[in-house]
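What follows is calculated from the coordinates using simple rules that are stated; it is not laboratory data. None of the values given here were measured: they were computed from a predicted structure. FYI the Cβ positions are ideal-geometry reconstructions off the backbone, even for glycines, and counts take in every protein chain you see.
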Amino acid sequence: MFDALKVLLARPSAGDGAARRVLNVGGGKKSTPLPPHFECWEKVLLDIDGRGGADLVCDARALRETVDANSFGAVYCSHNLEHYYRHDVNKVLQGFLHALRPDGFAEIRVPDIGGLVKLLAKDDRGLEQAIYDSPAGPITAHDMIYGYGPEIEESGMDFYAHKTGFSADSLVRALRANGFAEIHFAPPLSVLELHVFAFKAKPDAAQRAALGLGEPAPDGAQRDALIVQADPVEALYQRARAAFKESDWPRAAELALLATAEEPGLATPHYLHGSALFAMGDYAAAQAAYEACAARKPGYPLLVNAQLGAAQAWARVSLAASGTPQTVTLDARGRSISVIICSIRPERFARIRANFAERLAGVKHEIIGIHDARSLCEGYNRGMRQAHGDVLVFCHDDIELASPDFAARLLRHLEHHDVVGVVGSTRAVAGIWLQAGWPHLHGQAAMPGSAPGRAIITAFDMHGSATPEAQAIDGVLIAARREAALRTGWDETTFDGWHFYDADFTYSAWRAGARTAIAHDLLLLHDSYGDFGEDWRRYREKFRQKYQATLPQDMPAGQPELCSVEAASYDEWRLITQYMMRETD
């Protein structure tokens, strides 16, 4: 689909060698040593920041999509798990379980926040007082809770911040809730640290002896009693999650509702409540629960997931009541559109030509095919020289326009903006636009769904009809006023291939003062996957060099988690869009 949305990483595969392979999650650098028991193992580094030589550059929340099942004998995760929000810890741990062989284990080290709280209370220490010295310098209580301050400040990267914390009990509960069969505590390797080995299946005596492990942490009824005593809300939430995973929707809804009553301010139980109600088909109640989650203003991605859930629930309530999506009336007086498409596949060109002819009916238009382009920039420049329209549309040949009022909406946007697209960011970075990160991501993207007429929608911020000041717009479709397109031009000298043509055009237009925007209601499907190989990296470097004086100097963030739903029809998709565009606080 949109080139930025599917970074195709080489997936480590399972096999006989997997037993002696360890996945180092969040290790930072290849040179950072692992514990001695991994000395003879093959080491694979996964990190969100590629500067340290990571073998896999991705967010650990995307482990299930990045590595094959049963492909590692061990996962090593040292002081990384605390960098995820509480609700995202589950995704990371489920990714660990997915990656591990049946006899594999995860070795996890996190700050002991439970122990820190006891120390602060006992010694009456302040947050800024040093707790211990490390090779990086003194570590304060504030650093342990919120992340190492000097590193966050120097890097400018918020993924170095801590977003959750663990006591011994809460760490065991999280591991058990996500399917680990047996957990063993090991001696900490630094001050105020929790150090555990979590096994996918119960280890044998030889495995425990090799790692120097004693008795496992308590489980069963004893553990359940400890959970309820320590945190009744967490107990209810984990029981609700377990019921949801077993498709027991009524029980999941009941338990999640009890959790919201115990602690109304928590967003996550409201989201789980909405998801269970949606699965039951109670869409009106699901909408209310999702909206309750969003009202608590959680961070991304939970906020957008809640908004999408509420939007889809509202769309289904509306369709059940014979509601129809809003339609914009076409006013094409004095307007003309030229569509420029580079295509070497006659069947694709014929299909998209017919699609545009249908969606632009009522507007004077022409469709220009460039079938021998040397690059996208060269092809688009050649198409501009042939075009007569006052609106120029540049797009891929593997899309489908899903909005019946596409022309009316496009012309309305170009009354207020000079250049528009369907998805992108308000912050250009030396990478894919997705790496601008939240809250700079806007619009929506879609791929064909599981059956004809369905669509898998990936949404970002969509308040209002459009987001102005777009610096990077995905090239799947870019439309511009004729004078803005001619003034900007496509840099076919620098970008003489198939990558970064879109980032260059839109960033150049924005820097020159063009009114650039991301339109939220131009619905299209893109039936394609991106190619992020050596050629892409070469043009990324060209883009970085061209704009090195104005691009942010910090490294782009890793690819964020995506928020997606599958719409059962195009009308449902249009209604979801209508809801997401509502102006809210």
**OP:** Using DSSP, restrict attention to beta bridges with both residues in the chain and report what percent are antiparallel, rounded to the nearest 5.
**Re:** 55 percent
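Under the 0.36 nm per residue contour assumption, what length would be gained going from the current alpha-carbon distance of Lys30 and Tyr547 to full extension?
Working: separation 517, 0.36 × 517 = 186.12 nm, distance 3.00 nm.
Extra length from Lys30 to Tyr547 when fully extended: 183.1 nm.
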Original post:
For Arg20 and Ser247 in one chain, what is 0.36 nm times their gap in residues minus the Cα-Cα distance, to one decimal in nm?
Top reply: 78.2 nm
**OP:** Based on other C-beta atoms within 10 Å, arrange Val339, Val317 from fewest to most.
**Re:** Val317, Val339
**OP:** Report which label in (i) 47; (ii) 62; (iii) 52 holds the value of percent of Cα pairs over 32 Å apart derived from the coordinates of this structure.
**Re:** (iii)
Subject >> Dimensionless Rg ratio for segment 16-221, taking C-alpha atoms and the 2.2 N^0.38 Å reference >> reply: 1.00
Original post:
So how much slack lies between Glu263 and Leu189, counting 0.36 nm per residue of separation and subtracting their Cα-Cα distance, in nm?
Top reply: 23.1 nm
**OP:** Report the convex hull volume per residue for segment 336-580, counting only C-alpha atoms, in Å³.
**Re:** 120 Å³
**OP:** Please give the residues of segment 310-339, grouped as numeric ranges, whose backbone N is less than 13 Å from a label point set 7 Å along the Cα-to-Cβ vector of Asp390.
**Re:** 331-338
**OP:** Counting only C-alpha contacts under 8 Å and six or more residues apart, can you give the relative contact order of the chain as a whole percent?
**Re:** 13 percent
Original post:
Fewest first, what order do Asp143, Asp49 take by the number of other Cβ atoms within 10 Å?
Top reply: Asp49, Asp143
**OP:** Measure out, as a whole number of angstrom, how far apart the alpha-carbon centroids of segment 44-101 and segment 187-217 sit.
**Re:** 20 Å
Subject >> Residue exposure sequence - Leu23, Leu330, Leu302 - by fewest surrounding Cβ within 10 Å >> reply: Leu330, Leu302, Leu23
Original post:
How much mean residue ellipticity at 222 nm does the chain get from its helices, if each DSSP H run of length 4 or more adds -39500 (n - 2.57) and you divide by all residues, to the nearest 500 deg cm²/dmol?
Top reply: -11500 deg cm²/dmol
Original post:
Counting DSSP beta bridges in segment 16-221, what percent are antiparallel, to the nearest 5?
Top reply: 45 percent
Subject >> Candidate aspartates and glutamates - alpha carbon under 15 Å from Lys546, same-chain residues fewer than 8 apart omitted >> reply: Asp491, Glu492, Asp496, Asp502, Asp504
Original post:
Based on the Cβ-Cβ distance of Glu358 and Asp496, what FRET efficiency does E = 1/(1 + (r/R0)^6) give at R0 = 30 Å, to the nearest 0.05?
Top reply: 0.30
Subject >> Base-10 log of normalised Debye intensity for segment 453-544 (one unit scatterer per alpha-carbon) at q = 0.14, 0.20 Å⁻¹ >> reply: -0.60, -1.12
